[in-house]
1. Could you pull out the residue among L99, L54, L59, L78 that is touching a Phe, Trp or Tyr at 6+ places or on another chain (Cβ under 6 Å), modelled with pLDDT of 90 or more, within 24 Å of L131 (Cα to Cα) and of a type outside the set (S, T, Y)?
2. Which condition number in (1) loosely packed, with under 12 Cβ neighbours inside 10 Å; (2) under 21 Å from the mean Cα position of the chain (by Cα); (3) at pLDDT 80 or above is the one that K187 fails?
3. Counting only residues that are among the basic types (K, R) and either outside any helix (DSSP H, G or I) or within 21 Å of the chain's Cα centre (by Cα) (or both), which one in region 25-51 is farthest from Y77 (Cα to Cα)?
4. Using the structure shown, decide if Q22 is over 21 Å from the mean Cα position of the chain (by Cα), open to solvent by 20 Å² or more (accessible area, probe 1.4 Å), of a type outside the set (D, E, K, R) and modelled with pLDDT of 85 or more.
5. So if I check each of R35, R43, R85, R47, which one is basic (K, R), modelled with pLDDT of 90 or more and either under 24 Å from L131 (Cβ atoms) or in contact with a Ser or Thr (Cβ under 8 Å, 6 or more places away or on another chain) (or both)?
6. Among the numbered conditions (1) at pLDDT below 60; (2) touching a helix residue (DSSP H, G or I) at 6+ places or on another chain (Cβ under 6 Å), tell me where P70 comes up short.
7. Can you tell me which residue is modelled with the lowest pLDDT among those in region 1-19 that are within 13 Å of Y75 (Cβ to Cβ) and open to solvent by less than 40 Å² (accessible area, probe 1.4 Å)?
8. Kindly check whether there is at least one residue in region 108-116 that is open to solvent by 40 Å² or more (accessible area, probe 1.4 Å), part of a loop (DSSP other than H, G, I, E, B), within 18 Å of Q18 (Cα to Cα) and modelled with pLDDT under 85.
Amino acid sequence: MVKSSMKALDKKRWEAIQQDNQAAFEEVYQAYSLRLFQEITKRISDRDAAQDILQDIFLCLWERRKKYQPQGEIYPYLYGMAINRVLNYYRKNKKQPILYEIWENLLESLLGLEELSLAFKQAHTQELETLLEIAISQLPKRMRQVYTLRFEDKKSIAQIASELQTSPHTVNNQLKEIRKRFVKTLKTTRFIFI
């Protein structure tokens, strides 16, 4: 009963946040920030870094409120965002053994917690989609056209070449360049693949 009432409250809050309601956002912050901070500091001893991660989570949540669609309670979604950022912190700071230890312990603690696992995957997927949108927006106009025709409109290289009045070889080269740029974007980001 308590869990269903929490889902209903979180749903109401989330709908208000998507309508730019800062008071609802503040309620979510007040409800979950301390608990989230404690989870982050269990994995990162640097309290300043943990505070930065916490602020980044809520800033990202507010900035992308129109795109994010948490299912159910908001906390598991925030927790998934936190774990992504903790792993990124260790990757960025080249602390691989600690990263793997955290990941192994995380998997044990998530065993059987399907809702949390789904929230983690959803947060991870939405961050990756946002990263892809940024990379696409930075492509030159012609490459964006090639990308759209190939991956959104599902056209063949020959069809794209015909439509853009260019050679299939040029289209193929542009697709290779698009892939290189996407890989470069992923390598220079804090994002980590799980």
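1. After ruling out the rest, the residue left standing is L54.
2. With (1) loosely packed, with under 12 Cβ neighbours inside 10 Å; (2) under 21 Å from the mean Cα position of the chain (by Cα); (3) at pLDDT 80 or above applied to K187, the lone miss is (3).
3. My answer is R43.
4. Spelling it out, Q22 is indeed over 21 Å from the mean Cα position of the chain (by Cα), open to solvent by 20 Å² or more (accessible area, probe 1.4 Å), of a type outside the set (D, E, K, R) and modelled with pLDDT of 85 or more.
5. None of the other options fit; the residue is R47.
6. (1) is the only condition that P70 fails.
7. The residue in question is D10.
8. There is no residue in region 108-116 that is open to solvent by 40 Å² or more (accessible area, probe 1.4 Å), part of a loop (DSSP other than H, G, I, E, B), within 18 Å of Q18 (Cα to Cα) and modelled with pLDDT under 85.
The values are calculated or read from the model by the stated rules, or taken from the named source; none is laboratory data. Computed from a predicted model, the values in this text were never measured in an experiment. Neighbour counts are summed over all protein chains in view; Cβ atoms, including those assigned to glycine, are modelled from backbone coordinates with ideal geometry. When the accessible area is computed, the model is the full protein with side chains, heavy atoms only, and any ligands, DNA or RNA have been set aside. Shrake-Rupley method; radii C 1.70, N 1.55, O 1.52, S 1.80 Å.
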